[in-house]
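Some notes on the structure that comes next.
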Amino acid sequence: MERTVLFIGLLFCAVSNVWAQDEGEYPRRFAIDGQIGATVSPKGKTDIVEEPIYHYGYPKGQTSALLSKFHVECYLPQTHFSLKAGYEHEELGFMKNDISYDMHQLMAGGRYYPAPNEWLVQPYGGVDVLWNCNSSCNRMVSSMTSISANGERYERSGIAKAPHFSIGPVVGADIYLFTCIALQLEYGYRWGLGSYVDVSSKYNGDKNIYHTHTHMNRHVLTMGLKVTFPFTFTSRDGMGLVEFLGDALFGIY
């Protein structure tokens with residue numbers, strides 16, 4: 001019995017030692033992060049009803065909107081992988097925000113960190129899946145608005161459907177300012193599953209009717225802060241903070 005207990009104890013010490021060697025001096029178990037940024041909707045393909053020629057005439061330009069995120073991340077021991085979950089508030093706009101949605105989304109995904117744990121810059125890649133919690137995603141479109149560029153007026157009608165689910169790849173980097181605090185930069189592309197925009201536009205002084213059909217896919221670019229746990233603030237972090245504040249406030253370093 002004593003030999004069994006001794007063997008288990010030695011095995012536990014060996015595993016702990018290997019874990020510490022693989023994950024560095026300050027292993028990461030879980031993290032929280034908050035990000036803000038923008039979504040950019042690609043232009044839809046537009047054709048003239050009387051002449052089925054595809055072009056990028058009306059409507060012009062892309063539409064950008066705001067995005068905010070809050071996540072909890074769990075690092076998987078002995079691997080370079082992690083699992084993430086959280087909440088995201090995304091404003092979705094198309095055709096210069098004539099079609100817009102305010103989406104509350106639950107997010108789940110995963111990340112892969114290829115670099116050693118000791119590196120101050122931790123690049124990563126992954127996949128996100130988002131569920132839009134809004135009860136209604138369909139919207140009729142009917143408007144009469146002025147175009148600021150030349151004062152023309154236009155009328156639009158049709159239907160748009162926001163996605164219940166979105167999925168897409170993510171790439172980014174955690175830049176560690178301190179041992180457990182990182183600046184986070186992230187880019188992703190999201191496919192809006194089952195979403196579409198099907199709208200006809202008629203402009204004052206133009207006899208043609210412009211038909212636009214597209215899906216609610218979008219580019220996402222965000223930045224924020226990440227805090228990892230167990231939280232550690234070392235003397236090196238303290239000296240770095242003092243030097244930064246001294247340089248910023250007094251220029252003495």
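Structure values in brief
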{"quantity": "Whichever residue in region 79-95 is of a type in the set (D, E, K, R) and out of contact with any Lys or Arg (no Cβ under 8 Å at 6 or more places or on another chain) and, among such residues, is farthest from residue 114 (Cα to Cα)", "calculated": "91"}
{"quantity": "Residue match in region 153-166 (condition: in contact with a Leu (Cβ under 9 Å, 6 or more places away or on another chain), over 15 Å from residue 42 (Cα atoms) and in a strand (DSSP E or B))", "calculated": "yes"}
{"quantity": "Subset of region 81-130 (residues that are open to solvent by 40 Å² or more (accessible area, probe 1.4 Å) and assigned to a loop (DSSP other than H, G, I, E, B))", "calculated": "96, 97, 98, 114, 116, 118, 119, 120"}
{"quantity": "Count of region 181-220 residues which are open to solvent by 40 Å² or more (accessible area, probe 1.4 Å), assigned to a loop (DSSP other than H, G, I, E, B) and farther than 30 Å from residue 126 by Cβ", "calculated": "3"}
{"quantity": "Failed criterion for residue 29 (all others in (1) of a type in the set (D, E, K, R); (2) open to solvent by 70 Å² or more (accessible area, probe 1.4 Å); (3) modelled with pLDDT under 90 hold)", "calculated": "(3)"}
{"quantity": "Residue within region 42-53 that is more than 20 Å from residue 133 (Cα to Cα) and modelled with pLDDT of 75 or more present", "calculated": "no"}
{"quantity": "Counted residues, region 119-147 - those being at pLDDT below 90, touching a Gly at 6+ places or on another chain (Cβ under 9 Å) and farther than 17 Å from residue 89 by Cβ", "calculated": "3"}
{"quantity": "Total residues in region 62-78, condition open to solvent by 50 Å² or more (accessible area, probe 1.4 Å), assigned to a strand (DSSP E or B) and under 30 Å from residue 115 (Cβ atoms)", "calculated": "3"}
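The values are calculated or read from the model by the stated rules, or taken from the named source; none is laboratory data. Since the structure is predicted, the reported quantities are computational estimates derived from the model, not experimental observations. So basically every Cβ, Gly included, is an ideal-geometry build from the backbone, and we count neighbours across all protein chains shown. Just so you know, the surface numbers come from the protein's heavy atoms only, side chains and all, with ligands and any DNA or RNA stripped out. Shrake-Rupley method; radii C 1.70, N 1.55, O 1.52, S 1.80 Å.
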